[in-house]
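Peer 1: Questions regarding the structure given below will be posed in turn.
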Amino acid sequence: MQLSNFKEELRKVRAFAFDVDGVLSHTVMPLHPSGEPMRTVNIKDGYALQLARRKGYPVGIITGGKTDAVRKRFENLGVTDIYMGSSYKKESFLKFLEKNDLDPAHVLYMGDDLPDYEIMEMVGFPTAPADAVTEIKQAARYVSWLDGGMGCVRDVIEQVLRLHNKWMDGDAFHW
């Protein structure tokens, strides 16, 4: 779904926030014998996340999950705003805004299921992966052509950084 002023709205994005399961990881997950879900992530999403961080964009991760693997993954990409075990995501999102002195109108958020709905109603640019639930797709200003865990995060970060002329420069060629 794209609006006629889609690119102009993307120009206003100054920060990113993402759900994990169904956005940064694929939704079909085998369970580890410990009971923890084993997530599959997309390397290209990771590259885009770390580049956005190096370019000065605040990046928030807000998830109901509580695994060390998730925390380590995003810390290794330079993400410091990681909200784990978030049973009510709006509270975590408000903390992210306050910590980074952000106006929600300048935040792009990507979610895929009902716990993400309230945040999507708050932000200036709500987005969703292609396989998000119907209500989330309807709340989104943009629905990626890619499924969760399959590069949808790279899709939106790349579009924003390209519009800000921060995609293909000297910083882009290394981690």
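Peer 1: Taking Lys137 as the residue in question, decide whether it is over 16 Å from Ala52 (Cβ atoms), out of contact with any helix residue (DSSP H, G or I) (no Cβ under 8 Å at 6 or more places or on another chain) and modelled with pLDDT of 95 or more. Break it down stepwise before answering.
Peer 2: Working: over 16 Å from Ala52 (Cβ atoms): yes; out of contact with any helix residue (DSSP H, G or I) (no Cβ under 8 Å at 6 or more places or on another chain): yes; modelled with pLDDT of 95 or more: yes.
So Lys137 passes the test.
Peer 1: Out of all the residues in segment 99-106, is one or more modelled with pLDDT of 85 or more, within 15 Å of the chain's Cα centre (by Cα) and closer than 19 Å to Pro129 by Cβ?
Peer 2: Start the filter on segment 99-106 by keeping residues that are modelled with pLDDT of 85 or more, which leaves 99-106.
Those left that are additionally within 15 Å of the chain's Cα centre (by Cα): 104, 106.
Going one step further and asking which of them are closer than 19 Å to Pro129 by Cβ, we end up with none.
No, because not a single residue in segment 99-106 is modelled with pLDDT of 85 or more, within 15 Å of the chain's Cα centre (by Cα) and closer than 19 Å to Pro129 by Cβ.
Peer 1: Please give the number of the condition Tyr47 fails out of (1) over 23 Å from Leu102 (Cβ atoms); (2) at pLDDT below 95.
Peer 2: (2)
Peer 1: Among the residues of segment 142-166, what is the count of those that are free of Cβ contacts under 8 Å to residues at least 60 places away in the same chain, within 15 Å of Leu10 (Cβ to Cβ) and hydrophobic (A, V, I, L, M, F, W, C)?
Peer 2: Our first condition is that a residue be free of Cβ contacts under 8 Å to residues at least 60 places away in the same chain; within segment 142-166, this holds for 144-146, 155, 162, 165.
With the extra rule that they be within 15 Å of Leu10 (Cβ to Cβ), the set shrinks to 144, 155, 162, 165.
Still in the running and hydrophobic (A, V, I, L, M, F, W, C): none.
Of the residues in that region, 0 qualify.
Peer 1: Please determine whether any residue of segment 61-84 is farther than 14 Å from Val20 by Cβ, loosely packed, with under 15 Cβ neighbours inside 10 Å and touching a helix residue (DSSP H, G or I) at 6+ places or on another chain (Cβ under 8 Å). Steps first, answer last, please.
Peer 2: Step one: of segment 61-84, the residues farther than 14 Å from Val20 by Cβ are 76, 78, 80.
Remaining after also requiring loosely packed, with under 15 Cβ neighbours inside 10 Å: 76, 78, 80.
Then drop every residue that is not touching a helix residue (DSSP H, G or I) at 6+ places or on another chain (Cβ under 8 Å), which leaves 78.
Checking segment 61-84: at least one residue is farther than 14 Å from Val20 by Cβ, loosely packed, with under 15 Cβ neighbours inside 10 Å and touching a helix residue (DSSP H, G or I) at 6+ places or on another chain (Cβ under 8 Å).
Peer 1: Which residues, taken from segment 40-60, are crowded, with 16+ Cβ neighbours inside 10 Å and of a type outside the set (A, V, I, L, M)? If you could, list the steps in order and put the result at the bottom.
Peer 2: Step one: filter segment 40-60 for residues crowded, with 16+ Cβ neighbours inside 10 Å, giving 41-42, 44-53, 55, 57-60.
Listed by number, the residues that qualify are Asn42, Lys44, Asp45, Gly46, Tyr47, Gln50, Arg53, Lys55, Tyr57, Pro58, Gly60.
Peer 1: Okay, next question. In this structure, is Asp116 under 19 Å from Leu51 (Cβ atoms), modelled with pLDDT of 95 or more and buried (at least 18 other Cβ atoms within 10 Å of the Cβ)? Can you show your working first?
Peer 2: Values: under 19 Å from Leu51 (Cβ atoms): no; modelled with pLDDT of 95 or more: yes; buried (at least 18 other Cβ atoms within 10 Å of the Cβ): yes.
No, not satisfied.
Peer 1: Among the candidates Phe74, Phe96, which residue alone is touching a Gly at 6+ places or on another chain (Cβ under 7 Å) and of a type in the set (Phe, Trp, Tyr)? It would help to see each step written out before you state the result.
Peer 2: Working: Phe74 fails: touching a Gly at 6+ places or on another chain (Cβ under 7 Å).
The conditions single out Phe96.
Peer 1: Test each condition in (1) under 23 Å from Gly65 (Cα atoms); (2) part of a helix (DSSP H, G or I) for Gly149 and report the one that comes out false.
Peer 2: (2)
Peer 1: Now a separate question. Can you run down the residue pairs with Cβ atoms below 9 Å, 6 or more apart or on separate chains, where the first is in segment 36-59 and free of Cβ contacts under 8 Å to residues at least 12 places away in the same chain and the partner is outside any helix (DSSP H, G or I)?
Peer 2: If the second residue must be outside any helix (DSSP H, G or I), the pairs left are Met38/Met29; Met38/Pro30; Met38/Leu31; Met38/His32; Gly56/Lys166.
The values are calculated or read from the model by the stated rules, or taken from the named source; none is laboratory data. The structure displayed is predicted, hence computed values, not measured ones. Every residue, glycine as well, gets a Cβ built from its backbone with ideal geometry; the counts of neighbours run over all protein chains shown.
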